[in-house]
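Below you'll find the structure, written out as structure tokens, and then a few comments.
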Amino acid sequence: MKKLGYLLLIMLLASFKPITDEDKEINWLTIEEALELQKDEPKKIIMDVYTNWCGPCKLLDKNTFHNEDVVDYINEHYYAVKFNAEGNSSVTFKDKTFNNPNFDETKVNRRNGVHEFTRYLKVRAYPTMVFFDEEANYITPVTGYLKPQQLELYLKLFKNDDHKDMDTQEKFNEYYKAFKPTFKE
């Protein structure tokens, strides 16, 4: 009987999966959901503009957007929006509706028609993270795959409104040199 108890205990313990960084998730929303939440609790928005076929987009999602520090920081300080730049969803932003009239269902995992909202945001490469302020005003896009500590710089730059004092490339370079990342890679 004692052996059976040990066996059950071992089986029970083996069934528990340890929590890993990959288990932590960003609370992804649609842009409409983020705008609605901003009404009650203003926060900046980070929008991940990606495509299904984009390799660097997949790396960003796997390596950066599942990093524990990134997940915690974004969930606390931002509304996070994930937007398929070639998807078929209808998007309403600032009283205008955007669609993808060239969407082709047969090309879901290949290059597809570019969504009107993607063009509106002036996104020309993937992945691109677009930042908005607490009133959904466009701040800037940040293009390319970023590691957690590289993204940390931008997350904190925009969260703290430090970008408002950077009217020259020199000022950004000073900020960049002085920045001390704290996120784990």
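Values quoted throughout were computed directly from the atomic coordinates according to the rules given, and no laboratory measurement underlies them. Note that the structure is a prediction, hence the values are computed from the model and not measured. Don't worry about glycine lacking a Cβ; one is built from the backbone with ideal geometry, like all the others, and counts go over all protein chains shown.
On inspection, Glu152 qualifies as within 21 Å of Phe65 (Cβ to Cβ), in contact with a Pro (Cβ under 6 Å, 6 or more places away or on another chain) and not aliphatic (A, V, I, L, M). Within the stretch 145-173, residues that are over 27 Å from Leu59 (Cβ atoms) have Cβ atoms under 7 Å from residues that are surrounded by 15 or more Cβ atoms within 10 Å (Cβ to Cβ) and of a type in the set (A, V, I, L, M, F, W, C) in these pairs: Met166/Phe172, counting only partners at least 6 apart in sequence or on another chain. In the set (1) in contact with an Asp or Glu (Cβ under 7 Å, 6 or more places away or on another chain); (2) of a type in the set (D, E, K, R); (3) on the phi > 0 side of the Ramachandran plot, the condition left unmet by Lys44 is number (3). Could you go through the stretch 138-155 and let me know if any residue there is closer than 23 Å to Glu36 by Cα and either assigned to a loop (DSSP other than H, G, I, E, B) or among the polar types (S, T, N, Q) (or both). Within the stretch 138-155, one or more residues are closer than 23 Å to Glu36 by Cα and either assigned to a loop (DSSP other than H, G, I, E, B) or among the polar types (S, T, N, Q) (or both). Any chance the stretch 126-136 includes a residue that's within 20 Å of Ala34 (Cα to Cα), under 16 Å from the mean Cα position of the chain (by Cα) and among the polar types (S, T, N, Q)? Yes: one or more hits.
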